[in-house]
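Worksheet for the structure shown next.
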Amino acid sequence: MDSARTEYSNGIPARSVPKSRQDSTKAPELQAVEGRNWLLHRHYSRKEFGICKILVQEELERTRGKHEYANYIQGLILRHEGKIQESLECFQICHSLNQRNVDNIKQVARSLFLLGLHNVALEAYLEAQQVSKTPDWDIFHNLGECWLRLGEHGKAKEALRQAVQLGRHERSYIALANMYKMEGEMQAAIDIYKAAVELFFLRASPDSAQLATSLGLLYLQEGKYQHALEKLGGALARDPQCAQALLAAGAMMQNHSDYDVALSKYKIAAQSWPESPALWNNVGMCFYGKKKFVASLSCLKRAHYLSPLDWDILFNLGLVHMATQQYASAFHFLSAAINLKPAHAGTFLLLAITLRHLEDPDNATEAFKQASFLAPLDVSVPLNFAVFLESQGDLEGASLQLVRFQDLAQVTPQISSELLQTSSQLSKSLNSRLLSDTSSKASATGTDANDKSHIEVEAQVRVRNHPIDSSPESEPRNNLADDEV
């Protein structure tokens with residue numbers, strides 16, 4: 001009975017086997033180094049960086065700093081926080097732990113690129129290209145960026161072309177199109193954007209609205225307004241809240257004096273882009289076009305606060321102050337605009353008119369001469385100069401400037417009727433004064449001269465159809481978009 005109840009193992013009763021011998025037969029349980037990688041990846045993908053940092057620290061302490069993925073995640077987080085040098089050190093540790101991992105080399109190169117060490121970054125990307133078993137669009141794209149910074153435009157274009165063929169990513173299309181724009185090959189840039197728009201519209205990609213907007217801006221720059229309107233309309237159909245497309249479409253309406261429609265588009269854009277200097281600049285000039293000068297100055301001063309070194313905004317501030325007869329303030333803003341862009345003739349022209357009202361004829365004369373030098377084919381400059389000289393009693397000089405205006409008017413298409421009317425009245429006044437040989441400066445053209453200055457002011461409105469520094473290469477990018485986990 002007892003033997004029936006007893007179980008045997010290898011001829012020895014199981015109950016008689018020592019416990020220590022039973023435990024010794026089990027293999028020791030060792031925790032894998034990569035056991036919590038999935039958890040790090042999940043928290044990083046959710047952008048839960050606080051929890052991610054705690055887990056990374058635990059893993060590094062457990063492995064004495066030799067955890068490759070924990071160092072990798074820590075490098076990505078540090079770079080996202082703007083600590084580029086610290087991120088570089090983390091990626092270098094990853095590379096020392098696994099020298100055949102292409103991603104480690106790419107991240108080292110990326111940090112070097114962000115530090116401005118383009119030569120060293122180029123070498124790192126070339127090393128990554130050699131280690132990679134298959135062609136990688138990201139490597140070719142960043143090689144193109146490095147070559148571009150080093151001035152090797154030919155090599156940069158070739159690398160970006162290969163990136164486009166391999167990956168067909170938005171960034172590569174934009175970078176290649178910007179290269180063509182830099183070299184003045186606008187048609188080639190348009191072709192690149194057209195290919196990108198067709199591809200990403202078929203994919204229903206969220207980037208397609210931005211690409212269509214960029215293509216519309218290129219068409220605007222080339223004067224192809226119908227094509228521009230079509231692409232901007234397509235961008236808004238894809239994303240009705242696309243601020244850049246709304247701004248560009250509003251600028252087109254504004255240039256055709258349709259201020260109410262333009263303001264309606266700016267109102268929508270302001271909901272997602274309330275801190276855009278170009279947006280407030282355009283809103284201010286819409287109010288200027290509607291003769292609401294107080295509202296115009298308020299919007300322009302907000303734009304100036306957001307971008308104090310933008311010469312377009314300074315120009316418009318000077319222009320509106322002239323319209324409100326605040327010539328001292330106008331002089332202040334126009335002088336600042338000239339310091340930022342000294343080669344713009346229109347600014348010197350407005351400055352000359354302002355100085356005339358400030359009773360500074362000597363400096364006004366110099367400003368008119370500089371405007372004539374910078375824009376010898378601009379018909380408005382000699383006419384304004386002639387009006388000024390006639391008001392100063394220099395009838396001979398005014399006659400010479402009027403003759404110059406008439407010569408330019410014969411070869412200039414689409415001259416404003418107000419300019420032609422002013423020139424006709426000025427011609428009659430000069431002829432009568434030369435015949436009578438009087439020295440009176442009070443003539444019937446005094447009022448017309450003031451009207452002419454206002455006509456010129458309206459013609460010189462600076463409307464922004466794109467945001468300041470809005471070219472795609474200058475837009476801030478989230479570093480996380482470039483990082484692979």
(message) For the range 288-336, which positions are polar (S, T, N, Q), open to solvent by less than 50 Å² (accessible area, probe 1.4 Å) and not in a loop (DSSP other than H, G, I, E, B)?
(response) S296, N316, S329, S335
(request) Can you tell me which residue within the range 339-350, out of those that are open to solvent by 20 Å² or more (accessible area, probe 1.4 Å) and over 20 Å from the mean Cα position of the chain (by Cα), is farthest from N384 (Cα to Cα)? (result) N339
(message) Going through P376, P361, P382, P413 one at a time, which residue ends up being within 27 Å of M285 (Cβ to Cβ) and either open to solvent by 40 Å² or more (accessible area, probe 1.4 Å) or at pLDDT 95 or above (or both)?
(response) P413
(message) Can you say whether L389 is aliphatic (A, V, I, L, M), in a helix (DSSP H, G or I) and within 19 Å of S424 (Cα to Cα), as far as the supplied structure shows?
(response) yes
(message) Please return the ranges of helices (runs of 4 or more DSSP H) entirely within the range 197-279 where 3 or more residues are closer than 19 Å to I313 by Cα.
(response) 243-255, 259-272
(request) Name the single residue, out of those in the range 246-287 being free of Cβ contacts under 8 Å to residues at least 40 places away in the same chain and polar (S, T, N, Q), that is most open to solvent (accessible area, probe 1.4 Å). (result) Q271
(message) Can you pull out every residue in the range 157-205 that is more than 20 Å from the chain's Cα centre (by Cα) and under 24 Å from L236 (Cα atoms)?
(response) R168, Q187, D191, A195, E198, L199, F200, F201, L202, R203, A204, S205
(request) Check N37 against each of (1) modelled with pLDDT of 90 or more; (2) in contact with a Phe, Trp or Tyr (Cβ under 8 Å, 6 or more places away or on another chain); (3) of a type outside the set (V, I, T); (4) open to solvent by less than 70 Å² (accessible area, probe 1.4 Å) and name the one condition it does not meet. (result) (1)
(request) For the range 85-110, name all the residues that are touching a residue at least 40 places away in the same chain (Cβ under 8 Å) and among the polar types (S, T, N, Q). (result) Q107
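Which residue out of L236, L217 is touching a His at 6+ places or on another chain (Cβ under 6 Å), farther than 16 Å from G284 by Cα, open to solvent by 10 Å² or more (accessible area, probe 1.4 Å) and in contact (Cβ under 8 Å) with a residue 12 or more places away in the chain?
L217
Tally the residues that are of a type outside the set (A, V, I, L, M, F, W, C) and either over 31 Å from the mean Cα position of the chain (by Cα) or under 19 Å from N37 (Cα atoms) (or both), restricting the search to the range 59-86. Walk me through it before giving the result.
As a first pass, look at the range 59-86 and keep what is of a type outside the set (A, V, I, L, M, F, W, C): 59, 61-69, 71-72, 74-75, 79-83, 85-86.
Now restrict to residues that are either over 31 Å from the mean Cα position of the chain (by Cα) or under 19 Å from N37 (Cα atoms) (or both): 59, 61-69, 71-72, 74-75.
Total satisfying the criteria: 14.
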(request) Determine if the range 336-354 includes at least one residue that is touching a residue at least 12 places away in the same chain (Cβ under 8 Å) and under 30 Å from S436 (Cα atoms). (result) yes
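The values are calculated or read from the model by the stated rules, or taken from the named source; none is laboratory data. All values derive from a computational prediction rather than experimental measurement. Glycine gets a Cβ as well: all are built from the backbone with ideal geometry, and neighbour counts include every protein chain shown. Keep in mind that these areas ignore ligands, DNA and RNA; they rest on the heavy atoms of the full protein, side chains included. Shrake-Rupley method; radii C 1.70, N 1.55, O 1.52, S 1.80 Å.
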